[in-house]
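So the structure is just underneath, and the comments pick up after that.
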Amino acid sequence: MPTWTSTASADVPAYEEEARTAAETFREENGLGIAPIADIVALIEQTQDVDVTVVGVDDSNEHGLTMVDPVRGATIVAVASSHNPMRWRSTLAHELGHLIFRDQSNGKPGALSVGSVVERRAQSFARHMLIPLAGVRHFLERLNEPLEMKAFSDLVQRFQVSPAVAAIQLRDLGAINTPRYTAWSDIHTPTLSARFGWADQYTSLQAESNQRRAPQRLLARVITGYVAGLVSLETVASVRGVAPQDIAAELDEAGIKPTARMDEADEDDLLAGADPDVDLSWLEDI
């Protein structure tokens, strides 16, 4: 059985090593081991003390942003919904990288650094976060068949990353040569899922990544206010991004009801009537 080791050389950029180390440390500190990450949105919210929102915008580049309110010190990660679940997961992991390295505090407010070392480091972090080299090595060591297209599809499916990202990790472990790396990097995930029988799972992943998602902590606070009679049902519906009658039925089914009548004078005016369809069309100009 071959022993798979990284072929990294002195030519590896410093940011790549920094990103890999940070991702491995994060996984270890949070008990993730080498397993695939199921819900990266919840992982970010639960480990970084930030709000994460997935918004439905017309954003062909499927952007993500980490924003900080300098007055309240609150941080929110906003990511566009997407029909491409693998890229969507990478975008979220990319923003997690910025949080880990505190790039939102170290840079200039409102400044963009596309193509910079900071962005490349976050991109590398996302790759190592989603598909760690140790996880790929474990996969290869237990592979009962040649490393051909079927096994490559299994790797992509297991870690839910794009073929291009999976190919980089295989190349860096010396498991594939340059021609195969180039060929496999050009494959699209729908092609693999259709060819090797996991198209249904890919459709499910698309549904998840294309779904609007309200910040969990914010929504929890609003529902607490609703139960206390301080926040209206319409406000809850606005934050949740659904019609009032739908949220009413959802809360009623869950047995969640106000324990007091709402005093309209106490309602948070900042939340009342908030538009759930946040306009991030300006992202297209980035």
Query - Full-extension gain in nm, Asp49 to Gln211, via 0.36 nm per residue minus C-alpha separation - result: 56.1 nm
Report task. Work out the FRET efficiency for Glu253 and Gln201 from their Cβ-Cβ distance, taking R0 = 35 Å, and round it to the nearest 0.05. Result -> 0.80
Report summary line: For Ala35, placing the label point 7 angstrom along Cα-to-beta-carbon and taking the range 198-218, residues whose amide nitrogen sits under 15 Å are none
Query raised in the report: How big is the antiparallel share of DSSP beta bridges in the range 14-130, given as a percent to the nearest 5?
Result: 50
Report task. Kindly write out, for the range 21-37 in residue order, the coupling ³J(HN,Hα) from the Karplus curve 6.51 cos²θ - 1.76 cosθ + 1.60 (θ = phi - 60°), rounded to whole Hz, with x marking Gly and Pro. Result -> 4, 5, 5, 5, 5, 4, 4, 5, 5, 10, x, 8, x, 10, 7, x, 8
Query raised in the report: Taking the alpha-carbon set of the range 70-198, what are its Rg and Dmax in Å?
Result: 16.8, 57
Query raised in the report: Applying the Karplus parametrisation 6.51 cos²θ - 1.76 cosθ + 1.60 with θ = phi - 60° to the phi angles of the range 89-96, what ³J(HN,Hα) value in whole Hz is obtained for each residue in order, glycine and proline being reported as x?
Result: 5, 5, 4, 5, 5, 4, 5, 4
Query - Computed lengthening from Asp69 to Arg102, 0.36 nm per intervening residue step minus Cα-Cα distance - result: 10.4 nm
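The numbers here are math on the coordinates, done by the rules we state, and not lab data. Values in this document were obtained by computation on a predicted structure and should not be read as measured data. Reconstructed Cβ throughout: ideal geometry from the backbone, glycine too, with neighbour counts over all protein chains shown.
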